[in-house]
Amino acid sequence: MNKKFYQLYCEICNWKLITDGIDVDKLHEIKTAPIPQGAPKIDPIEKKVVVSKPIKQKRKFRCPSCGRVVTPKPIKNPQETIDRFHEQLESEQRKKEWEKLDAEAKDKYEQVKEEYEREQKQKDQID
C-alpha cells in the first residue's frame, strides 16, 4: 500500500485538495505543450536530423473557486508516517522491556551464584 498523495493548493483563495489522483477528473485540466529541450541537430554519420526529446510539463488545473492555475505537489503519505512513528515507539518499548529482563536475569544469576558459593563454603566447613 504505497500510494502517492498530491496536494492542490490555491494561494489566492486558500482552496485546498489532498488527493491520490483519482478524483481530479472533476477539475478542469489546463492543456500544456511539451517544452523543447534543444535545437534539432544533424547526425554526421547518418546525415539525418535528430530531434531531442521534449520535457513534459507538470499537470495544471484550474482552481474551482477563483479560476487561477494550481499545480499538484507530491506529499508524503500521512498514514505511512504515523505507522512508522508507532513502529519506532513499539521498538523502543520492546528494547526497554528486554533491558529490564536482562537486569532481572543478571540479578537472579548473582543471587543463585551467591547461594551456590554459600552452599560450597558450608560443604567445605562440614568436610
Given the condition touching a strand residue (DSSP E or B) at 6+ places or on another chain (Cβ under 8 Å), under 24 Å from N77 (Cα atoms) and not hydrophobic (A, V, I, L, M, F, W, C), answer yes or no: does some residue in the range 43-58 qualify? yes
Looking only at residues in the range 73-106 that are loosely packed, with under 12 Cβ neighbours inside 10 Å and polar (S, T, N, Q), which one is farthest from Q37 (Cα to Cα)? Q93
Scan (1) in contact (Cβ under 8 Å) with a residue 24 or more places away in the chain; (2) within 17 Å of K4 (Cβ to Cβ) for the single condition D83 breaks and write down its number. (1)
Are any residues in the range 65-85 touching a Phe, Trp or Tyr at 6+ places or on another chain (Cβ under 6 Å), of a type outside the set (A, V, I, L, M) and at pLDDT 80 or above, and if so, which ones? S65, P72, P74
Scan the range 55-72 and give yes if some residue there is aromatic (F, W, Y) and either in contact (Cβ under 8 Å) with a residue 24 or more places away in the chain or surrounded by 12 or more Cβ atoms within 10 Å (Cβ to Cβ) (or both), otherwise no. yes
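The values are calculated or read from the model by the stated rules, or taken from the named source; none is laboratory data. The model shown is predicted, which means the values in this text are computed figures rather than measured ones. All Cβ positions, even for glycine, are placed from backbone atoms using ideal geometry, and neighbour counts span all protein chains on display.
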